[in-house]
Structure formats: C-alpha cells, structure tokens
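The structure appears below as structure tokens.
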Ligand SMILES: *[C@@H]1O[C@H](CO)[C@@H](O)[C@H](O)[C@H]1NC(C)=O
C-alpha cells in the first residue's frame, strides 16, 4: 500500500515535469525529439540503438548482446531450441541490469529458460514519463522483431512468454499488434513491485 502511494506521487510528479512537445507538422516530426534527459522516439525503425536485447542461459548466465539482424547466431550464443523462452521487460526508470528485473531473470534461469532481457533504459528515464509512454510503441515493435527471430530460429510460440514490470507489462501486451500470429501467452502484471 505504502509503495503504491509513493508510486502515485512519483507519477504525478513525472507528469508534471515532463514536457509535451508540440508536434504540429514540422520537420521535427521525422527525427527523435531530445530534450533535457528525455528522448521521444519518432523514427519507427528496428533495430534501434536505444533498445537492446540480451540473452542469458543457464549455462551462460552472463549476458550476450543480441543482434536481431543475425538470427543464425542465436544457437552459437547458447540458445537452446527445446527450452522455454521468456522476454523480460523493465518499466519506467528501469534497466534490465537492476532489481527487480535481475531477480526475475534468475528465477527463470533457475527454471531452465532461455532468458531475453529487453533494455530500453534511455527511453524510459525518470522523469520523462510521457516520452516513456510514447516510446512504448517502438519498444513493442522492436521486441516483436526479436520475437520473430526466436520463432524463425525454431522457438515455439507456446513456449514463449513475456513478463513485464509496470510499463514493461504494457509493452508485452502491445507486442502482438506487430505480429501476424498471436503470442501464445503473455504474462504481465502491475504487481511486480518490489524495490
Ligand atoms: C531512477 O533511477 C535512478 C537510477 O537507477 C535512481 O537513482 C533514481 O532514484 C530513480 N528515480 C526514481 C524517481 O525512481
């Protein structure tokens, strides 16, 4: 309860601090909008250098950066086709390399999963809440590309899950907008709140 109230206050503060850029038909619509510590993505191209994917496996619990343009490399990095896959997406002001995402990662590694961590830290920074909301679209688009890489490499949709923390949960929900075949199951809840 206490955490919830703190988050609510932070959210209001973030909304107050964020600047809504004026998006009226200028050339600025075509390029990423950067202000202070914030970025609002307007280039809809994947992969994007501010959205990164890292693979962890039980044998290689140290991260490998994944380039979705080279799906053939997945096996070389220790990805196993028979295993279940999980995509883990952090929330507002998060990063893949900090709690609670690392706790989730280790729990899935323990359950013998191929773990893909999605990092969109530069696009989700405090207090740029409105930018983060807007950036979710591109993050889901690029994560859908990663998802396609997994299925192209032979991973099964029904063995692939998405887990998100806060805004990350919304991104999990948005991935299927970019896929022809619906994801088999999407796990994403707001209650992954431990600090
Ligand atoms: C945002 O993240 C940074 C870096 O992890 C942290 O120091 C800061 O306290 C966070 N801010 C909020 C409001 O959660």
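Separation of region 24-97 and region 128-184 by C-alpha centroid, Å?
Centre-to-centre (Cα) distance: 10 Å.
Could you work out the relative contact order of region 29-115? I mean the mean sequence separation of Cα pairs under 8 Å and 6+ apart, divided by the number of residues, in percent.
About 26 percent, as a whole number.
What ranking do 103, 160 get, fewest neighbouring Cβ atoms within 10 angstrom at the top?
Ranked by crowding around the Cβ, least crowded first: 103, 160.
If you stretched the chain out fully between residue 80 and residue 45, how much longer would it get, using 0.36 nm times the residue separation minus the C-alpha to C-alpha distance?
9.8 nm
In what order do 45, 50, 152 fall by count of nearby beta-carbon atoms within 10 Å, going from fewest to most? Present the calculation step by step, with values, prior to reporting the outcome.
Details: 45 9, 50 18, 152 12.
In increasing order of surrounding Cβ atoms, one gets 45, 152, 50.
As a footprinting exposure proxy, order 166, 148 by other Cβ within 10 Å, with the fewest listed first.
Exposure proxy ranking, most exposed first: 148, 166.
Using mean Cβ contacts within 10 Å as the protection proxy, how do 62-71, 114-123, 171-180 order, highest first? Kindly include the intermediate steps, with their values, before the conclusion.
Working: 62-71: 14.9, 114-123: 23.5, 171-180: 17.9.
Order by mean packing, descending: 114-123, 171-180, 62-71.
If I histogram all Cα-Cα distances within region 39-138 using bins 5 Å wide from 0, what percent of pairs lands in each bin?
2, 13, 23, 21, 18, 13, 7, 2, 0
Only the coordinates and a few stated rules stand behind these numbers; no lab work does. Since this is a predicted model, take the numbers as computed values, not measurements. Because the Cβ atoms are built from the backbone with ideal geometry, glycine has one as well, and the counts that use them run over all protein chains shown.
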